[in-house]
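Before any comments, here is the structure.
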Amino acid sequence: MSTNIVKVAGVDISTDHFIGGKRVASANRFADISPVDGSHLADVSAGGKVEANAAVEAARNAFPAWAALGPKGRLPILKKFAEGILARASELAAVETMDNGSLVAGNLHRVIPRAAHNIDFFAEWALTLEGHSIDSPEVVNHIKYDPSGVAVLITPWNAPFMLTTWKVGPALAAGNTVVIKPPEWAPLTCSLMADIAKAAGVPDGVLNVVQGIGEEAGDALVNHHDVDRISFTGSTDTAKIIGQAAARSITPMSAELGGKSPFIICADADLDAAAQTVAAQYMNAGQVCLAGTRIMVEKKIEEQFLEKVRDASAHMVVGDPREKDTRVGPLIHKDHFERVAGFVERAKADGAVPLWGGGRSNFGDLYFEPTLFADVNPSLEISQREVFGPVLTWQSFRNDDEVVSLANNTKYGLAGTLFSRSEKRAMDIASQVTAGTLWVNCFFVRDLAVPFGGAKDSGMGREGGSWSFDFYSDIKNISVRKGSFA
């Protein structure tokens, strides 16, 4: 057991890597600072090539036995893993809040339970892939989902625990072993995940965690010659760098990237429900890739709807994410705060007008006011690039062709939200918007059985249901001539 233990929110956490079932320290370390109050949480081991090599080797050595268990053999272990997450939900929620500034109530009641479900769901789904066959006139085709090998999983800081389990669940259920690279701005709950996995009986080497800076630990992992899959969630620019590394070794890669999603409100919509949902785009201080940040309102209801959104947004209280009344917590890091503030200042210089917000909240250094810009030309940077903060833009449209054109006028295509009481109109518009997910009269509903991913610069590949196993498996067809066996 590592002697490098810190206590965060009353929880003991190792600050070292987890490789081959053991804690491994590095001489180099990086500081982990809480966005909630600026406190120094830990000095965390910073890995590089040495740690990456050791973790991949441990995962490779553990792979044959884990793969040989099959879905039924892995099921009880993964279910115990999920149960272990739920048993420590309050601890995980508290640590996640201190580490990345997300609301503790949301973590406790939604995020951590969803993380446990990610493990449990995919463990069960793997069973459905066994015995799959397709009958042809001359042969019977037996489809097998063979484990691919060692998967490198690189996860972001805005929801590190939940989004890591979103990858770990199908990767382990498929029979792979994994090396997790957690985000350097919020690494602590991934360290706790390793302890929970070990306590659940996940064999040594099956789940490894290498902490560190992306340009060092991440670079060493994606360029490793003995990696079979790379799954990344993060920025488009980083994905391009990882994609180049993956291409050199022909390593399959999945990428869920940024978004600049449209939020379309038709005149026939339930305006009260739509306004509440617009205000919800400020959740997690806008640090949500799926957020509908480009508000598009049918011209005939523009003034009426704006007042409803103003009223709904007034309840988005900025404050300490540990307090029950808080709806908007801090941005993750001072560098990210400066990035968001830069977008806002340039938008003002470009002629966009903040209807509310537009600067630092009085609550604290990393707390940004919920902001809405009007007079926004679709060509402006604030309309085109992902801000990843509590900043929305407001545009109006007169007809469906116009709003489809507006919605598709970015390089992104991750998601979209649409409110209308007309099924035909809603489906017509949704069918023309380029995005991996379109929510109609709802938002942020992600059933694990359905495909999820982005178009254009928002990513490649799909996760969820069998789509996850298509990625994490080597799919084989055994084609047997009928009547050829005695």
- Say each of residue 428 and residue 484 gets a label point 7 Å from the Cα, pointing the same way as Cα to Cβ; how far apart are those two points in nm? 5.4 nm
- Message: Using alpha carbons only, how many angstrom separate the centre of the stretch 331-355 from the centre of the stretch 1-24?
- Response: 37 Å
- Message: Can you say what percent of the DSSP beta bridges in the chain, counting only those with both residues inside, are antiparallel? Round to 5.
- Response: 50 percent
- Task: Provide the net charge surrounding residue 217, with neighbours chosen by a C-beta distance below 11 Å and charges set as Lys +1, Arg +1, Asp -1, Glu -1.
- Result: -3
- Under 17 Å Cα-Cα from residue 167, which lysines qualify once same-chain neighbours fewer than 8 residues away are excluded? 79, 181
- Note on the structure: Farthest towards the positive end of the dipole of the chain, among 455, 319, 59 and with Cβ unit charges of +1 on Lys and Arg and -1 on Asp and Glu, lies the Cα of 59
- Sparse-neighbourhood loop hits (chymotrypsin sites (Phe, Trp or Tyr not before Pro), the stretch 422-486; DSSP loop; Cβ within 10 Å at most 14 others) -> 485
- Mind listing the long-range amide H neighbours of residue 23? Cut-off is under 5 Å, sequence gap 5 or more, other chains count too, H placed in the peptide plane at 1.01 Å from N. 2
- In whole Å, what is the distance between the alpha-carbon centres of the stretch 250-314 and the stretch 392-407? 13 Å
- Query: Going by the alpha-carbon gyration tensor, a ≥ b ≥ c the square roots of its eigenvalues, is the stretch 50-161 rounded (a/c under 1.5) or, if a/c is not under 1.5, prolate (a/b greater than b/c) versus oblate?
  - Reply: prolate
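Quick one: length gained pulling residue 304 to residue 455 fully straight, 0.36 nm per residue minus the C-alpha distance? Kindly include the intermediate steps, with their values, before the conclusion.
Details: separation 151, 0.36 × 151 = 54.36 nm, distance 3.33 nm.
Using 0.36 nm per residue and subtracting the Cα-Cα distance, I get 51.0 nm.
Please state the charge dipole magnitude for the chain, taken about the Cα centre, from unit charges on C-beta atoms (+1 on K and R, -1 on D and E), reported in debye and rounded to the nearest 20.
Approximately 860 debye in magnitude.
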- Message: Explain nothing, just compute: Karplus ³J(HN,Hα) = 6.51 cos²θ - 1.76 cosθ + 1.60, θ = phi - 60°, for every residue of the stretch 395-400 in order, whole Hz, x for Gly and Pro.
- Response: 9, 10, 9, 10, 8, 5
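Pop the C-beta distance of residue 213 and residue 474 into the FRET formula with R0 = 30 Å and round what comes out to the nearest 0.05. Don't skip to the end; give the middle numbers.
Values: r = 32 Å, r/R0 = 1.06.
For R0 = 30 Å, the calculated efficiency reads 0.40.
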- Message: Report the Cα centroid-to-centroid distance between the stretch 127-141 and the stretch 32-48 in angstrom, as an integer.
- Response: 51 Å
- In degrees from 0 to 90, rounded to the nearest 10, what is the angle of the helix 49-68 Cα long axis to the longest principal axis of the chain? 60 degrees
- Note on the structure: Projecting the Cα atoms of 344, 366, 434 onto the charge dipole of the chain, where Lys and Arg contribute +1 and Asp and Glu -1 at Cβ, the residue farthest towards the positive end is 434
- Task: Please list, in chain and number order, the residues 5+ apart from residue 42 or on another chain whose amide H is under 5 Å from its amide H, with Hs placed from the backbone.
- Result: 32
- Task: Report, in deg cm²/dmol and to the nearest 500, the calculated mean residue ellipticity at 222 nm for the chain, where each DSSP H run with n ≥ 4 adds -39500 (n - 2.57) and the sum is divided by the residue count.
- Result: -11500 deg cm²/dmol
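Output the peptides 266-274, 74-82, 99-107, 292-300 sorted from most to least packed, where packing is the average of other Cβ atoms within 10 Å over each peptide's residues.
Values: 266-274: 17.9, 74-82: 19.9, 99-107: 26.0, 292-300: 21.8.
In descending order of packing, they fall as 99-107, 292-300, 74-82, 266-274.
Please report, in debye to the nearest 20, how large the charge dipole of the stretch 335-486 is about its Cα centre when each Lys and Arg carries +1 at its beta carbon and each Asp and Glu carries -1 there.
Working: 16 positive and 19 negative charges, 141 e Å.
In debye, rounded to 20, the stretch 335-486 gives about 680.
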- Roughly what would the spin-label model give for residue 241 and residue 69, points 7 Å off Cα along C-beta, in nm? 3.4 nm
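Tell me, in nm to one decimal, what length is gained between residue 146 and residue 338 on full extension, where the rule is 0.36 nm per residue of separation less the Cα-Cα distance? All intermediate terms of the calculation are to be shown ahead of the outcome.
Details: separation 192, 0.36 × 192 = 69.12 nm, distance 4.60 nm.
Roughly 64.5 nm would be gained on extension.
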- Query: Residue by residue through the stretch 243-248, which ³J(HN,Hα) values in whole Hz follow from phi under the Karplus form 6.51 cos²θ - 1.76 cosθ + 1.60 (θ = phi - 60°), with glycine and proline marked x?
  - Reply: x, 5, 5, 5, 5, 5
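For the chain, just say rounded, prolate or oblate: build the C-alpha gyration tensor, square-root its eigenvalues into a ≥ b ≥ c, call rounded for a/c under 1.5, and beyond that prolate if a/b exceeds b/c, oblate if not. Show your work: numbers first, answer last.
Values: a/c = 2.00, a/b = 1.30, b/c = 1.54.
Verdict is oblate for the chain.
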- Query: Looking only at Cα atoms, what is the convex hull volume of the stretch 44-91 per residue, in Å³?
  - Reply: 84 Å³
- Note on the structure: Two pseudo-spin positions, 7 Å from Cα along C-beta at residue 384 and at residue 400, lie apart in nanometres by 3.0 nm
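Taken together, the values in this text are just the output of simple stated rules run on the coordinates, not laboratory data. This one's a predicted model, so the numbers in the text were calculated from it and none came from an experiment. When we count neighbours, we look across all protein chains shown, and the Cβ atoms used for this are built from the backbone with ideal geometry, even at glycine.
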